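First the structure, in the form of structure tokens, and then the observations on it.
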Amino acid sequence: MKTALVCGAGGFIGGHLVYRLKKEGYRVRAVDIKSPEFRETAADEFILGDLRDPVFCDRIASGMHFDELYQLAADMGGAGYIFSGEHDAIVMHNSATINLNMAECAHRHHIDKVFYSSSACIYPETLQREAFNGGLKESDAYPAGPDSEYGWEKLFSERMWFSYARNYGIDVHIARFHNIFGPYGTWQGGREKAPAAMCRKVAECPDGGTIDIWGDGEQTRTFLYIDECLEGIRRLMQSEFTGPVNIGSDELISINNLAGMAMEFAGKKIHLHHVSGPLGVRGRSSDNTLIRKKLNWSPSRPLIEGMRVTYEWIAGEVAKNV
Ligand code: NAD
């Protein structure tokens, strides 16, 4: 039986990844500073603790040998958290410390294979000033110029993990996720991403009411459903290819149209009220040429399918909270 250590398993993607690894027959030790919020973990063991503490990191890697480490823990949130500037110091400090600790831990405990989750936020802001840019290619990362400290930390950690690969022979695989969404993710409280925020606002709003949209709503993104993200992670880990590689969709949509999609599911007509708020870049899409070439696969599921599932789940959560 293969063994995996999953860091960040109390979170959205890590929580889903544990289910996927269990389905594939892994023995999983899961770690996070918080328990999963929306459903039980599927892990064999769930250890609560702070990955900023190197002693704790040493403890979670002890007692058994791990074939693979999945490092997804990060101080993280949607635009309201990442782009306001108010959390820059803690985001950089917390996430960099976790990565430094876990890289050292993988080295000392001879965990030979590692997955690290980077982000589309590493790409230069100058390439994302229009709503419709060509997709971002992996080679666009340099010369570097991310628009957030969150992105700079991811870029640092990519380089740090690859340094451990070069000098200590760890087989490190890195993906740059582009806006992953789906059920069992944060949908309120300020750290939620646009798909969850749109679903929540529409679910909470009466027919004929009004919801706030940050900016003019014509900013664009691509959004990838969680199942395809997991497929990409597993294919990358089973391949010789180390990345960094985009795991994202190339189906571009504006935030106004994303809200419109949620309204269709709800069968409601809702007015959009455009207000100022943290926006991030104007337009961002994933170029999937490299993943297709290296993994002979790329995400293909239409956005509307994943959004429908997500809307149903969030509408159910909203109803429970009334
Ligand atoms: P998430 O916030 O749901 O999960 C991250 C988890 O890390 C959380 O459960 C959090 O409690 C945990 N964590 C934070 N600090 C910790 C600490 N000190 N000790 C232990 N655990 C700690 O986020 P997610 O959406 O599941 O993202 C997972 C990874 O993918 C992150 O590294 C994120 O930066 C990256 N990523 C996500 C997206 C996306 O769209 N969701 C896009 C790009 C990159």
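The values are calculated or read from the model by the stated rules, or taken from the named source; none is laboratory data. Just so we're clear, the structure is a prediction, and the values are computed from it rather than from any experiment. Here the Cβ is made from the backbone with ideal geometry for all residues, glycine too, and neighbour counts use every protein chain on show.
The condition of being touching a residue at least 40 places away in the same chain (Cβ under 8 Å) and touching a strand residue (DSSP E or B) at 6+ places or on another chain (Cβ under 6 Å) holds for only one of VAL309, VAL318, VAL281, VAL245, that being VAL245. Mind telling me which of the residues ILE82, ILE122 ends up being within 24 Å of ILE253 (Cβ to Cβ), among the aliphatic types (A, V, I, L, M), assigned by TED's automatic domain parsing to the domain that holds GLU68 and at pLDDT 95 or above? On inspection, the qualifying residue turns out to be ILE122.
Got at least one residue in region 67-76 being in a loop (DSSP other than H, G, I, E, B), within 11 Å of the ligand (Cβ to nearest atom), over 21 Å from ILE247 (Cβ atoms) and not basic (Lys, Arg)?
Narrowing region 67-76 to residues in a loop (DSSP other than H, G, I, E, B): 67, 72-76.
Pick out the ones that are also within 11 Å of the ligand (Cβ to nearest atom) and you get 72-76.
Going one step further and asking which of them are over 21 Å from ILE247 (Cβ atoms), we end up with none.
Scanning region 67-76, I find no residue that is in a loop (DSSP other than H, G, I, E, B), within 11 Å of the ligand (Cβ to nearest atom), over 21 Å from ILE247 (Cβ atoms) and not basic (Lys, Arg), so the answer is no.
Among strands (runs of 3 or more DSSP E) lying entirely in region 243-297, which contain 1 or more residues that are within 19 Å of the chain's Cα centre (by Cα)?
Because the criterion is at least 1 residues that are within 19 Å of the chain's Cα centre (by Cα), the strands (runs of 3 or more DSSP E) in region 243-297 that meet it are 245-247, 252-254.
The conditions of being touching a residue at least 12 places away in the same chain (Cβ under 8 Å), on the phi > 0 side of the Ramachandran plot and more than 18 Å from the chain's Cα centre (by Cα) are met by GLY217. Considering only region 187-221, state which residues are at pLDDT 95 or above and of a type in the set (Ser, Thr, Tyr). Matches in region 187-221: THR210 only. The set of residues in region 77-93 being more than 13 Å from the ligand (Cβ to nearest atom) and in contact with a helix residue (DSSP H, G or I) (Cβ under 9 Å, 6 or more places away or on another chain) consists of GLY80, PHE83, GLY85, ASP88, ALA89.
Regarding VAL172, is this residue more than 14 Å from the ligand (Cβ to nearest atom) and outside any helix (DSSP H, G or I)? In short, yes. List every residue pair whose Cβ atoms sit under 6 Å apart, with the two residues 6 or more apart in sequence or on different chains, where the first one lies in region 25-54 and is over 21 Å from TYR184 (Cβ atoms) and the second, anywhere, is more than 10 Å from the ligand (Cβ to nearest atom). So the pair list comes out as ARG27/MET1; ARG27/THR3; ARG27/ASP44. Within region 55-66, the set of residues being surrounded by 16 or more Cβ atoms within 10 Å (Cβ to Cβ) and either free of Cβ contacts under 8 Å to residues at least 24 places away in the same chain or touching a Phe, Trp or Tyr at 6+ places or on another chain (Cβ under 8 Å) (or both) comprises PHE56 only.
For every residue, the table says whether it meets (1) outside any helix (DSSP H, G or I); (2) in contact (Cβ under 8 Å) with a residue 40 or more places away in the chain; (3) under 27 Å from VAL55 (Cα atoms).
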{"site": "SER84", "(1), (2), (3)": "yes, yes, no"}
{"site": "ILE90", "(1), (2), (3)": "no, no, yes"}
{"site": "LEU100", "(1), (2), (3)": "no, yes, yes"}
{"site": "ALA103", "(1), (2), (3)": "no, yes, yes"}
{"site": "HIS110", "(1), (2), (3)": "yes, yes, yes"}
{"site": "SER117", "(1), (2), (3)": "yes, yes, yes"}
{"site": "PRO146", "(1), (2), (3)": "yes, no, no"}
{"site": "TYR150", "(1), (2), (3)": "no, yes, yes"}
{"site": "LEU155", "(1), (2), (3)": "no, no, yes"}
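Filtered by the rule that a residue be without any contact (Cβ under 8 Å) to a residue 40 or more places away in the chain and either of a type in the set (A, V, I, L, M, F, W, C) or touching a His at 6+ places or on another chain (Cβ under 6 Å) (or both), region 122-144 gives LEU127, ALA144.
Among the residues of region 178-201, are any away from the ligand (no atom under 16 Å from the Cβ) and among the polar types (S, T, N, Q)? Scanning region 178-201, I find no residue that is away from the ligand (no atom under 16 Å from the Cβ) and among the polar types (S, T, N, Q), so the answer is no.
Quick one: in region 7-55, which of the residues that are in a loop (DSSP other than H, G, I, E, B) and within 21 Å of HIS178 (Cα to Cα) is farthest from the ligand (Cβ to nearest atom)? Before the answer, list the steps.
Here is the first cut: in region 7-55, the residues in a loop (DSSP other than H, G, I, E, B) are 8-11, 24-26, 33-44, 49-53.
With within 21 Å of HIS178 (Cα to Cα) added as a condition, the list becomes 8-11.
Working: GLY8: 4, ALA9: 7, GLY10: 4, GLY11: 2 Å.
Out of the qualifying residues, it is ALA9.
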